[in-house]
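The structure appears right after this line, and notes come after that.
The values are calculated or read from the model by the stated rules, or taken from the named source; none is laboratory data. Keep in mind the model is a prediction, meaning the values are calculated, not measured. For neighbour counting, all protein chains shown are included, and Cβ atoms are generated from backbone atoms with ideal geometry for every residue, glycine included.
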Amino acid sequence: MPVLELREVTKVFPGVVANDRVSLTLEEREIVALLGENGAGKSTLMNVVYGLLSADHGEILVDGQPVKIRSSRHAIDLGIGMVHQHFMLVEPLTVTENIILGREPGRMGVIDMNAARKKVAEISERYGLRIDPDARISELEVGLQQRVEILKALYQGARVLILDEPTAVLTPQEVRELFAVVRSLVDEGLSVVFITHKLEEVMAVADRIVVMRDGAVVGEVRPSETDEIGLARLMVGRDVVLRIDKQPVKCGETVLDIRDLSVKSDRNLSAVNGVSFTVCGGEIVAIAGVSGNGQTELVEALVGLRRPESGSITLKGNDITRASARSSIEIGVSHIPEDRHRRGLVLTFNLAENLVLGDHRLKPYATRGIMHPREITSMAKKRIADYDIRTPSEKLIASSLSGGNQQKVVVAREIGRNPELLVAAQPTRGLDVGAIEFVHRQIIAERTSGKAVLLISLELEEVLSLADRILVMYEGRIVKEFSAEQADAETLGYFMTGGGGTKLDKGGADLTMTGSGVGA
Amino acid sequence: MLSDIITPDLFAAALRMATPLALAAIGGTICERSGVVNIALEGIMLIGAFFGTATVLATGSPWLGVLVAVLAGVAISAVHAVASVNLRTDQVVSGTAINLLALGLTGFLMELWYGHPGTTQPIPTLQPVFGFGAMGDGFLGEVWRWINGVFLSHTPLVYAAIFIAIGTHWAMYHTKWGLRLRALGEHPRAVDTAGVSVARGRWVAVLMSGALGGLAGANLSIEQVGVFQEGFTNGRGFIALAANIFGRWTPIGSYLASLLFGFADALQIKLQPFRDVIDLPPEFFLMVPYVVTVVVLAGVIGRAVGPAQVGVPYEKG
């Protein structure tokens, strides 16, 4: 008897059928991966199971009993736990306080903190999820925060655990640890639903794969019966090119020339340490590295958001070392920022406004400080068509779009400006295979038209498939340079984790196995 | 001259003046911790003071007046709860509306019930809890004079405020209510997904702040002044909000911050007689507590960080 069974669950939002007669079973001690593009309805389905949304039709059975899940509390009582994509953790509170929230031990309203701490220690011992129970959430790394979320579900008595895009925020190292945790949970008798859009993850961790597209289940397979190409086709509904072919590099004049650049971080520590490199027209140079090795600060210095300590940045002979963001745009630097919500978009502005940002002062969009809505609208309509942004209108606000479409807006604005240099920082973060393919094509088109591209990515597969030259950044320095032909994932991973300079770190080299968003 | 200023009753006055601020500030702390801004404290105090006074005028019982003041505070804060929790309106707008409503309503009822604007007839007030006289002489007599003067000369609500500060502070860090309250203002969705109602938690917090605001009003009218006067809260509700921030959104912190503002107020009164000596207008002295507030908020505390989601209506799903 399955621990959880969905029969023909249907959920309709105004104008969209988010779940269309979805049926699904989860057996005891099974890991089912729910695979689908962004917007395919995976999270909606699980929010229905967790009682955050109520289904319009269909049935949910827990241990064979039909249930009507009215609230999260009810779902928790039924033994269903969920780790949300955006963590449900209160940052200033401690690990223990977060875990017991809603089910505090004690009597007469007074919390028995010792009992709570003991219970938390007991659970973390039993499942091998080590954590400091008195640490504040804000002090913990993302991977550990996720561990707290899992502990919270276990504390609440979960037998079915739903993980919603659990790897989206993790480093490759943390992804591996998570997989190990998931397997040990299953050994302890739990059943897991694993929501993701990353192909190689489902191949690595799932017992069974349920593929969703446009709100409906389109297929169900076991990892042994398929491969990533087949899964991608099922998921997107057409053939997907996981690695785009490109012409050999034709290097033009030097566009970007960085010499001895040093930049400090927010905490006033040295983040970029004497970095020098060039990018020429028609070339894609990729900076590979584990997150937090100075890439963010390098990019910010480059696009005028952070003042370098020393060194120089030259763009086609113009010194832009101390240029403001505005003059750096005017001189021809475009920037796809790593965080589209924080820096890429104004979420409460509509698409037309977002598409004109940065150029809004310039002709033909404005003269003498007065904007021309007609010009802006017609530009926006054109960009929406050219860049395949799925929206009914350019008047929609940016926050109402899916992540993939939001990123297309940023890409459309930055590439549409026709820059000399495109700085693309993690341009496909959080996107599904279809959208990744699109963004990659746009970046390669820039290269083909003779522009310089600097790509900063944590995804090795992306670096390998796009770059002509690869610079490995580690602790603020460029520790190694490869041409595209020389590089492979294993060697890159080795240098990214401090290999070469220090002794060989076997664990580090391993991380290449999970380092990509789209396996090939 | 200094010995004329630094006397037991300067510090006693500081405690007294701090009391309405502290009660309202703790109300503000509880409310903001739940994620609801309560800029309406000023109006809640006024409403509490008015209905408290009216009750004493009608019944002659100060304690009944205190009770009605608290209930009136709860009732008017329910309006704020409906607006900010259920209807998800802008909380500053709702709070401002309540402040204006309180001014208008109390003025209107003055006319309607008493036939004149301004000030009500005097009412019997709550008397000091203890009534110790002078004891001993010499050094020990002096020590007793200070202890008795500063700490043992007060009316009930002055002591109540101290117990409320300590009690709510303890509860905030040791009870289920406190843990959930602290989580509510930071990440309401986390509370919701843990199976606890956000709306209920916020309602309780807003009503509690209404009760404390009403109690602050009762202290002002039924303990301190002995009348109700239109608009006599004089911005204390806003100073209380400042005390809440200065106190870093904790009850004891709010109390101590209120004590600072109360001391400034007491000092200002003490300094009034000396204006002949230094030739300054009385307004200059009246300004002191407000200047202290501005200086403290702008400079001394630096950047205070409140609950992350304060002022943001919570939408389910």
Which residue, of A:185, A:151, is under 15 Å from residue B:194 (Cβ atoms) and either within 14 Å of chain B (Cβ to nearest Cβ) or out of contact with any Gly (no Cβ under 9 Å at 6 or more places or on another chain) (or both)? A:151
Which residues, counting only those in the range B:196-210, are surrounded by 24 or more Cβ atoms within 10 Å (Cβ to Cβ) and under 30 Å from residue B:57 (Cβ atoms)? B:206, B:209, B:210
Does the range A:416-429 contain at least one residue that is over 19 Å from residue A:385 (Cβ atoms), of a type in the set (Gly, Ala, Ser) and part of a strand (DSSP E or B)? yes
Can we say residue B:193 is buried (at least 16 other Cβ atoms within 10 Å of the Cβ), more than 14 Å from chain A (Cβ to nearest Cβ) and among the polar types (S, T, N, Q)? no
List every residue pair whose Cβ atoms sit under 6 Å apart, with the two residues 6 or more apart in sequence or on different chains, where the first one lies in the range B:229-247 and is closer than 11 Å to residue B:99 by Cβ and crowded, with 24+ Cβ neighbours inside 10 Å and the second, anywhere, is among the aliphatic types (A, V, I, L, M) and at pLDDT 90 or above. B:233/B:45; B:233/B:46; B:237/B:24; B:237/B:41; B:237/B:45
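For every residue, the table says whether it meets (1) more than 27 Å from residue A:168 (Cβ to Cβ); (2) within 11 Å of chain B (Cβ to nearest Cβ).
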| site | (1), (2) |
| --- | --- |
| A:61 | yes, no |
| A:66 | yes, no |
| A:73 | no, yes |
| A:91 | no, yes |
| A:101 | no, yes |
| A:108 | yes, yes |
The condition from (1) within 14 Å of chain B (Cβ to nearest Cβ); (2) more than 30 Å from residue A:2 (Cα to Cα); (3) out of contact with any Leu (no Cβ under 8 Å at 6 or more places or on another chain) that residue A:140 misses is numbered (1)
Going through B:170, B:144 one at a time, which residue ends up being within 14 Å of chain A (Cβ to nearest Cβ), of a type outside the set (Gly, Ala, Ser) and farther than 23 Å from residue B:87 by Cα? B:170
Per the filter on the range B:234-267, residues of a type in the set (Lys, Arg) and not in a helix (DSSP H, G or I) are B:248
Given the structure, is residue A:124 under 30 Å from the mean Cα position of the chain (by Cα), at pLDDT below 95, more than 14 Å from every other protein chain (Cβ to nearest Cβ) and not in a loop (DSSP other than H, G, I, E, B)? yes
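On the given criteria, is residue A:77 within 17 Å of residue B:171 (Cα to Cα) and more than 7 Å from every other protein chain (Cβ to nearest Cβ)?
Judged against the criteria, residue A:77 is not a match.
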The range A:322-354 - residue that is β-branched (Val, Ile, Thr) and part of a loop (DSSP other than H, G, I, E, B) and, of those, farthest from residue A:420 (Cα to Cα): A:348
May I ask you to list the residues in the range B:34-53 that are assigned to a loop (DSSP other than H, G, I, E, B) and either of a type in the set (Asp, Glu) or surrounded by fewer than 24 Cβ atoms within 10 Å (Cβ to Cβ) (or both)? B:37, B:39
Please enumerate the residues belonging to the range A:391-412 that are surrounded by 22 or more Cβ atoms within 10 Å (Cβ to Cβ) and touching a Gly at 6+ places or on another chain (Cβ under 7 Å). A:410
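Sort through B:179, B:126 and tell me the only one that's in a helix (DSSP H, G or I) and surrounded by 17 or more Cβ atoms within 10 Å (Cβ to Cβ).
Answer to the selection: B:179.
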